[in-house]
Structures are given as C-alpha cells and as structure tokens.
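*Asks:* Handing you this structure, nothing more for now.
The values are calculated or read from the model by the stated rules, or taken from the named source; none is laboratory data. Worth saying up front: this structure is predicted, and the values here are computed from it rather than measured. Don't worry about glycine lacking a Cβ; one is built from the backbone with ideal geometry, like all the others, and counts go over all protein chains shown. Keep in mind that these areas ignore ligands, DNA and RNA; they rest on the heavy atoms of the full protein, side chains included. Shrake-Rupley method; radii C 1.70, N 1.55, O 1.52, S 1.80 Å.
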Amino acid sequence: MISLSGPWVPDQYALNNAGAVTEAKGVLPGVNSYEPLPSLSEYTTTAIATVCKGAVAVTTTAGARTIFAGTATKLYKFAGAASAWTDVTRSSGGDYSVPADEFWQFTQFGNNLIAVNSADNPQTINITSGSNFALLGGSPPRARYSRVISDHLFFGGLSTGENLVRWSGVNDAAFWTVGQQDADFQEFADGGNVKGITPLTSGGLIFQDDAVRRVIPQNSRAIFALPRIEAARGLKAPYSLGLVGGLAIYWGGDGFYSIGPEGGSAPIGFGGVDDWFSSVVNLGRLGS
C-alpha cells in the first residue's frame with residue numbers, strides 16, 4: 001500500500017506541481033492510499049496438448065467471448081473451465097507445420113477468425129458456428145503477419161516476397177484477385193522485409209527491418225498511400241509490437257519506442273527498461 005496521507009491540496013494538479021500524483025496506473029484507489037490489484041487466480045487446469053504457439057480471445061457479433069489457441073500442429077477452441085480444449089484443426093490437409101521459433105497470428109474479420117503462419121496456407125473459421133478451420137478462400141499467399149486495416153485484411157511476411165504486403169478485397173477476407181474489389185499488393189524497394197502490421201484509428205502502420213510506413217486510405221485507384229514515416233529504425237523483434245491507445249509500441253534494436261500516425265519514434269524505455277532488456281535478451285531469437 002502507498003500512503004497518500006497529507007494536506008488537502010487540490011490545486012496542485014492545476015498548477016503543474018511536480019510533487020503531486022497526477023496519474024496512477026496498475027493500482028486501485030483506497031482510503032488515503034493506492035492498493036495493489038488482486039492477484040491472479042487459476043481459471044482452468046485443462047491445458048492444450050503441447051506448447052502453445054499463439055492464442056486469441058474473440059467476441060462474436062452476439063457478444064459471446066471465445067478463446068482459440070494453436071500449437072505447432074493443431075488449432076484448438078476453449079470448451080470451458082472444466083472441459084478439454086476442442087480440436088478444431090482443419091478436416092482435410094492433415095496437421096499443421098509451424099516452424100520452430102515461429103507462431104500463429106490470429107486476426108478477427110467480422111464473425112470469422114483468420115489464422116496464419118509462414119508454413120501453412122491461411123486458415124479460417126466462423127467463430128459462432130464453425131466446427132473446424134478450413135482453407136481461406138481466394139488463394140491468398142502464406143503469411144507470417146495479418147491485421148485488418150480499413151475493411152481490408154492485410155498480410156505481411158509473405159511466401160511470395162518478404163518485402164511485400166498484400167490486402168484482400170474490401171469487406172471480403174476471402175477475395176484476393178489483384179485489381180478487383182480494391183484487392184492489391186505493394187512491394188517496397190527500401191526498408192527491408194516486412195516485420196509487422198498494426199491498425200490505427202484511421203489506416204495503420206507497416207513495420208519493416210529499417211523503416212515504418214503509414215497506411216493511408218485513398219479515394220482513388222491507388223487505394224492506399226504507403227509513405228515512409230520513420231527512416232532511422234525499424235522493428236527488430238516482430239513479437240514486441242503492440243498497440244496502446246493510438247500509439248504502436250515496438251523494440252527498435254537500441255530500445256523501446258512509440259510511434260503514431262504522424263511518425264517520429266519516441267524513446268520510452270531508455271534507462272532501466274532498455275538496459276535490463278538488452279542484458280537478458282537472446283539476440284539469436286529476436287524473431288520469437
């Protein structure tokens with residue numbers, strides 16, 4: 001518990017007094033104090049069969065919550081705290097083959113969930129009524145990364161080119177014919193391979209080895225503009241990428257940064273966080 005006993009000084013915040021607590025996160029308010037959040041408790045003792053290589057919680061259009069997870073060879077649906085996970089692996093095509101040190105990435109598109117990894121063709125399941133994953137329609141390429149941006153499903157880390165992004169038809173995750181229904185692709189001549197994608201309130205961001213690009217919807221045949229908004233660094237650890245509010249958070253090789261739609265990465269971990277991370281990270285496994 002952190003004691004807050006002291007004089008009543010409600011004007012300190014307005015006066016920008018450096019001694020006043022203006023915001024506290026990760027705690028609960030108490031009597032003259034902030035108190036720690038309750039500790040975690042075990043929800044289920046039922047585990048999936050082998051090492052989990054990705055999981056996601058999704059919400060159906062009716063408001064129900066469902067959890068999906070994947071291993072190197074299978075995909076599962078959570079059946080309840082007292083039940084075993086349900087195997088929802090594809091009915092035809094056999095087991096999956098997620099490479100060592102790689103993972104599934106899941107993206108919800110309406111009432112459908114899309115699952116991708118670099119070795120298997122993209123999979124999909126209806127999260128309300130589907131019993132098994134199946135091949136995503138439209139013959140899209142295999143991909144490591146996927147996200148929804150402006151009603152299109154974006155893929156990156158493609159089997160057809162690591163420096164490409166490709167997107168589906170508008171409002172149709174199963175339509176991939178280039179030049180129709182606004183489906184298209186873009187190859188980047190600089191910046192290196194694509195390492196991650198994230199949506200923003202409007203458009204999104206594409207992260208490469210040595211660059212960050214903004215995805216800007218266009219009212220023209222161009223569909224999207226993809227200008228480079230960060231040229232000093234890129235995403236060095238793909239699974240460090242996260243979204244907090246309107247900012248993307250990522251590890252850029254020399255520390256943690258945040259970046260928004262206007263560009264210009266801001267350091268957020270210099271000092272203790274960056275120093276600690278650099279001292280413990282396995283540089284040979286940054287892809288994982």
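*Asks:* Can you run phi through the Karplus equation (6.51, -1.76, 1.60; θ = phi - 60°) for the stretch 98-112 and list ³J(HN,Hα) in whole Hz, with x for Gly and Pro?
*Replies:* Running phi through 6.51 cos²θ - 1.76 cosθ + 1.60 with θ = phi - 60° gives 5, x, 4, 6, 10, 9, 6, 10, 10, 9, 8, 10, x, 9, 10 Hz.
*Asks:* Same structure, new question: Would you mind computing, in nm to one decimal, how far apart the modelled labels at Gln218 and Ser131 are, each placed 7 Å from Cα along Cα→Cβ?
*Replies:* 4.6
*Asks:* Would you mind getting the accessible area per residue of the chain, heavy atoms of the protein chains only, 1.4 Å probe, in Å²?
*Replies:* Values: 15220 Å² over 288 residues.
So the chain comes to 53 Å² accessible per residue, rounded to a whole number.
*Asks:* Moving on to the next point. Quick one: 3J(HN,Hα) in Hz for the stretch 193-205, Karplus 6.51/-1.76/1.60 with θ = phi - 60°, rounded, Gly and Pro as x.
*Replies:* 6, 6, 10, x, 9, 9, x, 10, 4, 10, x, x, 10
*Asks:* At 7 Å along Cα-to-Cβ for each site, give me the label-to-label distance between Ala24 and Ala232 in nm.
*Replies:* Using points 7 Å along Cα→Cβ, the separation is 3.5 nm.
*Asks:* Along the stretch 125-138, what does the Karplus equation 6.51 cos²θ - 1.76 cosθ + 1.60 (θ = phi - 60°) give for ³J(HN,Hα), rounded to whole Hz, x for Gly and Pro?
*Replies:* The phi angles translate into 8, 6, 6, 8, 10, x, 9, 8, 5, 8, 4, 5, x, x Hz.
*Asks:* Is there a quick way to get the dipole size of the chain? I mean about its Cα centre, with the Cβ of Lys and Arg at +1 and of Asp and Glu at -1; what is the value in debye to the nearest 20?
*Replies:* Details: 18 positive and 23 negative charges, 105 e Å.
The dipole of the chain has a size of about 500 debye.
*Asks:* Lysine pairs in the chain with alpha-carbon atoms under 24 Å apart, 8 or more places apart or on different chains: how many are there? Kindly include the intermediate steps, with their values, before the conclusion.
*Replies:* Working: Lys53/Lys74; Lys53/Lys77; Lys53/Lys195; Lys53/Lys236; Lys195/Lys236.
Lysine pair count for the chain: 5.
*Asks:* With loop defined by DSSP as not H, G, I, E or B, and exposure as at most 16 other Cβ atoms within 10 Å, which is the longest segment of the chain clear of exposed chymotrypsin sites (Phe, Trp or Tyr not before Pro)?
*Replies:* Values: sites that count: Trp8, Tyr13, Tyr43, Phe270.
That gives 44-269 as the longest site-free run.
*Asks:* Okay, helix-only estimate at 222 nm for the chain: each DSSP H run of n ≥ 4 adds -39500 (n - 2.57), divide by all residues, round to 500 deg cm²/dmol; what do you get?
*Replies:* On the way: 1 runs with 9 residues, N = 288.
The per-residue figure over the chain is -1000 deg cm²/dmol.
*Asks:* Next question, about the same structure. Where the accessible area of the chain is counted over protein heavy atoms with a 1.4 Å probe, how much of it, in %, is carbon and sulfur? List each step's numbers first, then the result.
*Replies:* Details: 7940 of 15220 Å².
Accessible surface attributable to carbon and sulfur in the chain totals 52 percent.
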